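Everything on this sheet refers to the single structure shown next.
Please treat every number below as a calculation from the coordinates, not as lab data. The structure presented is a predicted model; accordingly, all values stated were derived computationally and were not measured. Note that each Cβ is placed from the backbone with ideal geometry, even for glycine, and that neighbours are counted across all protein chains shown.
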Amino acid sequence: MENTKKIGKELYENLGKLFYAIAMADSRVHAKEVSKLRSFIRKYWLEVDELEDEFGTDAAFQIESVFDWAMDKEKDSEVCFDEFKEFYKDNSNMFSKFIKVLILDTANAISNSFSGKNKAELVMLGKLELLLKE
């Protein structure tokens, strides 16, 4: 059970990296992108499971924490995407059809939130769609 919690928390941490990579694809994270992510976490991701972190907080908030951390550290979007990709390949059984759809919906909402999708975001979204179809 403890290992399941650890992997579940890692799932949310890696989703934070992924959504940061999408927002940062054009080399800038816009306030509207952050706002859209936060609303999606509260509206959809909190309902995914009952998993909590060591502080009793819904583990889905790890998405936001890791996103904020990556933004503060000005992490490279490609590096963050690649880290998500590795996690996905190692744990593909954790990604149900529902989770995959929610990931794509969230990523698209983030990229649409600030003046529509640009070329860099479209490329990143395309890579994500291909990955999730594997």
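Could you say whether any residue in segment 37-49 is among the polar types (S, T, N, Q), under 12 Å from the mean Cα position of the chain (by Cα) and within 23 Å of residue 8 (Cα to Cα)? Let's see the steps before the verdict.
Just the residues of segment 37-49 that are among the polar types (S, T, N, Q), to begin with: 39.
Filter once more, keeping what is under 12 Å from the mean Cα position of the chain (by Cα): none.
Scanning segment 37-49 turns up no residue that is among the polar types (S, T, N, Q), under 12 Å from the mean Cα position of the chain (by Cα) and within 23 Å of residue 8 (Cα to Cα).
Which pairs have Cβ atoms under 7 Å, sit 6 or more apart or on different chains, and link a residue in segment 74-99 that is closer than 19 Å to residue 20 by Cβ and touching a residue at least 12 places away in the same chain (Cβ under 8 Å) to one that is acidic (Asp, Glu) and surrounded by 11 or more Cβ atoms within 10 Å (Cβ to Cβ)?
Hits for this filter: 87/10.
Within the bounds of segment 112-121, is there any residue that is hydroxyl-bearing (Ser, Thr, Tyr) and assigned to a helix (DSSP H, G or I)?
From segment 112-121, those hydroxyl-bearing (Ser, Thr, Tyr) are 113, 115; that's our starting set.
The next check asks that each one be assigned to a helix (DSSP H, G or I); those that pass are none.
Within segment 112-121, none of the residues are hydroxyl-bearing (Ser, Thr, Tyr) and assigned to a helix (DSSP H, G or I).
Does residue 28 satisfy the condition of being assigned to a loop (DSSP other than H, G, I, E, B) and either of a type outside the set (A, V, I, L, M, F, W, C) or in contact (Cβ under 8 Å) with a residue 12 or more places away in the chain (or both)?
Values: assigned to a loop (DSSP other than H, G, I, E, B): yes; either of a type outside the set (A, V, I, L, M, F, W, C) or in contact (Cβ under 8 Å) with a residue 12 or more places away in the chain (or both): yes.
Yes; evaluated as a whole, the condition is true for this residue.
Quick one: in segment 60-106, which of the residues that are part of a helix (DSSP H, G or I) and among the aromatic types (Phe, Trp, Tyr) is surrounded by the fewest Cβ atoms within 10 Å (Cβ to Cβ)? Break it down stepwise before answering.
Our first condition is that a residue be part of a helix (DSSP H, G or I); within segment 60-106, this holds for 61-72, 77-90, 92-94, 97-106.
Filter once more, so that each one left must be among the aromatic types (Phe, Trp, Tyr): 61, 67, 69, 81, 84, 87-88, 98.
Details: 61: 19, 67: 29, 69: 14, 81: 21, 84: 24, 87: 20, 88: 21, 98: 9.
Looking at residues that are part of a helix (DSSP H, G or I) and among the aromatic types (Phe, Trp, Tyr), I get 98.
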